[in-house]
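Derivation of every value follows stated rules applied to the coordinates shown; laboratory data play no part. Bear in mind that the values here come from a model prediction, so they are computed numbers and not experimental data. All Cβ positions, even for glycine, are placed from backbone atoms using ideal geometry, and neighbour counts span all protein chains on display.
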Amino acid sequence: MKFIAVAAVLATAVSSVFGQTITLGYPTNGAVLTPGKNFNAQIIQPGSMASCIQVGIALAMATCPNGVCPQPTAQLGNVLYAGPWTPTTHPQGGSYQNFTLQVPDFTPGPAVFTLTHLCLLGAAPYPLLEFRTASVTIA
């Protein structure tokens, strides 16, 4: 029984260390985006000791009616990109990829930009699905 408890604690610690395998470089919280205009989304993978086989990403944007944004596990909104993620290694460490996207024709106001990432993590891979969001303003 002690082995199971120790294994559970170890699994939780390992998943928390490797749980953040990807981040948003842009847009960031507070970014102002214009409907119909292009912007460059930047997806960053910090240097990591974990082996992560990339499956793909989705980049989406949703409006926030009455200031309430949807949770990414329930709704992504308008999907701006869905497909492979093939980052380039950065000389200072980590990897990144930029995507040129167009802001949907949203009514001005609060919105949320969501990055959804799926990879197979670890030596005996298990699926890792993660979300990163940025609260943006459509103006």
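Here the contact order of the stretch 23-138, divided by its residue count and restricted to Cα pairs under 8 Å and six or more residues apart, works out to 38 percent.
Working from label points 7 Å from Cα in the Cα-to-Cβ sense, the residue 51 to residue 126 distance is 1.6 nm. Summarising the strand pairing of the stretch 23-138, around 95 percent of its internal DSSP beta bridges are antiparallel.
Looking at the stretch 23-138, what % of the alpha carbon pairs are farther apart than 18 Å? Taking all Cα-Cα pairs of the stretch 23-138, the fraction more than 18 Å apart is 50 percent. For the peptides 130-138, 97-105, the ranking by packing is 130-138, 97-105, with the highest mean count of neighbouring Cβ atoms within 10 Å listed first. Extension gain, residue 97 to residue 32: 0.36 nm times the residue separation minus the Cα-Cα distance gives 21.3 nm.
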